[in-house]
Amino acid sequence: MIENLVAGYAKIDFYLANGIELFAMGNSHLLLELNHIVLYHTSSISKQESQHQFEATKAHFYAARNGGIGQLMDWLALNQHTNIWKRTAGLFTNILSQPQLFLEGNHRTGSLIMSYLLMREGYQPFVLSYDNARHFFEPAELTKKRRKKSLVDDFIYLPKQTRKFAKLLKDEQKRQSFLQT
């Protein structure tokens, strides 16, 4: 799993170094590619199994009602002027809440996508550590149980989890800046 995440970070670095915009029209396949990397980069499953899983994820990714890539792009468009912390955290909340963006690997892929957004804005990537794991996984577990396009979840629970993630991201930037000085 760690090797797959490292490969995912390398792919994010490649996108950034080459000015590739993950959320530009026609680039949604790059998000699928990241998900496939975090799941199968060093996997011992057969190419046939890997391809079958990729095709199932792709079908879900494009067709999921109230939770696929179309819904995520709509959310990003509505929140394009939101501060980086809430936008990044909200994106992650959207990936994790039901229906999740991918069939598997939403936490890992979501973390990579958060890192991409942060690095694109000149911040350090989000890196899960022993020190921040509890603050990451507790709201993540609650978020996984919530549904997009549900009146109560959309207006109460998901914004609350987004604020928790935003605080975590901001606090991690402060902590990393402190450690570098």
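Residue pairs whose Cβ atoms lie under 9 Å apart, separated by 6 or more positions or on different chains, with the first residue in the stretch 91-107 and under 14 Å from Leu31 (Cα atoms) and the second open to solvent by 10 Å² or more (accessible area, probe 1.4 Å) and assigned to a strand (DSSP E or B), do not occur. The set of residues in the stretch 7-32 that are closer than 19 Å to Arg108 by Cα and among the charged types (D, E, K, R) comprises Lys11, Asp13. Kindly provide the set of residues from the stretch 42-82 that are touching a His at 6+ places or on another chain (Cβ under 9 Å) and among the β-branched types (Val, Ile, Thr), ordered by number. Selection gives Thr57 alone. When residues in the stretch 87-106 are screened for being under 19 Å from Glu33 (Cα atoms), in contact with a helix residue (DSSP H, G or I) (Cβ under 6 Å, 6 or more places away or on another chain) and open to solvent by less than 40 Å² (accessible area, probe 1.4 Å), 9 of them pass.
Applying the condition of being among the basic types (Lys, Arg) and without any contact (Cβ under 8 Å) to a residue 60 or more places away in the chain to the stretch 55-86 and asking which residue is least open to solvent (accessible area, probe 1.4 Å) yields Lys58.
Among residues of the stretch 22-51 that are surrounded by fewer than 16 Cβ atoms within 10 Å (Cβ to Cβ), those with a beta-carbon under 9 Å from a residue that is in a loop (DSSP other than H, G, I, E, B) and of a type outside the set (Gly, Ala, Ser) at least six positions away or on a different chain give the pairs Asn27/Ile20; Asn27/Glu21; Thr42/Met1.
Number of residues in the stretch 112-130 that are within 20 Å of Gly67 (Cβ to Cβ) and touching a Phe, Trp or Tyr at 6+ places or on another chain (Cβ under 6 Å) equals 1.
Counting only residues that are open to solvent by 80 Å² or more (accessible area, probe 1.4 Å) and within 17 Å of Asn79 (Cα to Cα), the stretch 153-172 holds 3 of them.
The values are calculated or read from the model by the stated rules, or taken from the named source; none is laboratory data. Bear in mind the structure is a predicted one, so any value in this text is a computation, not a measurement. Counting neighbours? That spans all protein chains shown, and the Cβs are built from the backbone with ideal geometry, glycine included. With ligands, DNA and RNA removed, areas are computed over all heavy atoms of the protein, side chains included. Shrake-Rupley method; radii C 1.70, N 1.55, O 1.52, S 1.80 Å.
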